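A quick write-up on the structure given underneath.
The values are calculated or read from the model by the stated rules, or taken from the named source; none is laboratory data. Since the model is a prediction, treat every value here as computed from it, not as a measurement. Glycine gets a Cβ as well: all are built from the backbone with ideal geometry, and neighbour counts include every protein chain shown. Keep in mind that these areas ignore ligands, DNA and RNA; they rest on the heavy atoms of the full protein, side chains included. Shrake-Rupley method; radii C 1.70, N 1.55, O 1.52, S 1.80 Å.
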Amino acid sequence: AIAKVVYDNAEALAKMAVEETRMGVYEDKVAKNKGKSKVIWNDLKDKKSVGVLRHLEEEGLVEIAKPIGVIGAVAPTTNPTVTAMSNAMFALKGGNAIIIAPHPRAKNVSRVTVEMMNDA
């Protein structure tokens, strides 16, 4: 849902990012929003991320993943949308909560991105 909402709103989020931060190229930001949302989702979709991940019979080990708690993430001026999206996807995939702290020059586009992800 997070990747889809960023993909579906790639143009609006790119426009907001360029206007608010006064950095970057609109077309490049659209491509990044769409491309990274697809790539990250495809990379994460079939991977187990919590619980028993695998049994290493030869070593006599069981690999177990568990949430670590609350993750703090900084969204930079140069990449406020995709950083918020990808960090949220990684955190939630592992069963963690996340707090995203945007750069002051990107606080509006970061806030809108997080609201869209929360709504989705």
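How big is region 41-99 on each of its three principal axes, counting only the C-alpha atoms and giving the largest first in Å?
47, 25, 15
Using a 1.4 Å probe on the protein heavy atoms, what percent of the accessible area of the chain belongs to carbon and sulfur? Could the numbers behind the result be given before it?
Numbers: 4150 of 7240 Å².
It is 57 percent, rounded to a whole number.
Explain nothing, just compute: Karplus ³J(HN,Hα) = 6.51 cos²θ - 1.76 cosθ + 1.60, θ = phi - 60°, for every residue of region 75-87 in order, whole Hz, x for Gly and Pro.
9, x, 4, 6, 8, x, 7, 5, 5, 4, 5, 5, 4
Please give the net charge around THR113, taking every other residue with its beta carbon less than 15 angstrom from that of THR113, where Lys and Arg add +1 and Asp and Glu add -1. Show your work: numbers first, answer last.
On the way: positive: LYS4, LYS15, LYS29, LYS32, LYS34, LYS36, ARG105, LYS107, ARG111; negative: ASP8, GLU11, GLU19, GLU20, GLU115, ASP119.
Cβ neighbours under 15 Å give a net charge of +3.
Could you list, in their original order, any pairs among LYS38/LYS66; LYS48/LYS107; LYS15/LYS38; LYS15/LYS36; LYS45/LYS93 whose Cα atoms are separated by more than 21 Å? Provide the component values of the computation, followed by the final result.
Values: LYS38/LYS66 25 Å; LYS48/LYS107 33 Å; LYS15/LYS38 19 Å; LYS15/LYS36 17 Å; LYS45/LYS93 9 Å.
With Cα atoms farther than 21 Å apart: LYS38/LYS66; LYS48/LYS107.
Can you give me the Cα centroid spacing of region 35-77 and region 98-120 in angstrom?
Between the Cα centres of region 35-77 and region 98-120 lies a distance of 23 Å.
Can you give me the orientation-averaged projected area of the convex hull built on the Cα atoms of the chain, in nm²?
Numbers: hull surface 31.5 nm².
It is 7.9 nm².
Amide H to amide H, which residues 5 or more places from LEU53 or on other chains are under 5 Å from it, using H placed in the peptide plane?
Correct list: GLU63, ILE64, ALA65.
Using a 1.4 angstrom probe on the protein heavy atoms only, line up VAL6, VAL114, VAL70 by accessible area, largest first. Please list the in-between numbers first.
On the way: VAL6 0, VAL114 40, VAL70 105 Å².
Output order, biggest surface exposure first: VAL70, VAL114, VAL6.
Could you pull out the trypsin sites (Lys or Arg not before Pro) across region 1-50 that fall in loop regions by DSSP (anything but H, G, I, E, B) with no more than 16 other Cβ atoms inside 10 Å? Don't jump to the answer; show the numbers that get you there.
Working: sites: LYS4, LYS15, ARG22, LYS29, LYS32, LYS34, LYS36, LYS38, LYS45, LYS47, LYS48; in loops: ARG22, LYS45, LYS47, LYS48.
Answer by residue number: ARG22, LYS45, LYS47, LYS48.
Multiplying the sequence separation of ILE64 and LYS45 by 0.36 nm and subtracting their Cα-Cα distance, what value in nm do you get? Present the calculation step by step, with values, prior to reporting the outcome.
Numbers: separation 19, 0.36 × 19 = 6.84 nm, distance 1.85 nm.
This chain segment gains 5.0 nm when fully extended.
Given Cα pairs under 8 Å that are at least 6 residues apart, what percent is the relative contact order of region 52-97?
Values: 38 pairs, mean separation 15.7, N = 46.
That works out to 34 percent.
Taking Cα pairs under 8 Å and at least six residues apart, what relative contact order does the chain come out at, in percent?
Working: 177 pairs, mean separation 36.4, N = 120.
Relative contact order comes out at 30 percent.
For LYS4, give me every one of the aspartates and glutamates with a C-alpha distance below 15 angstrom, ignoring sequence neighbours fewer than eight places off in its own chain.
ASP43, GLU115, ASP119
Excluding ligands, DNA and RNA, what is the solvent-accessible area per residue of the chain at a probe of 1.4 Å, expressed in Å²?
So the chain comes to 60 Å² accessible per residue, rounded to a whole number.
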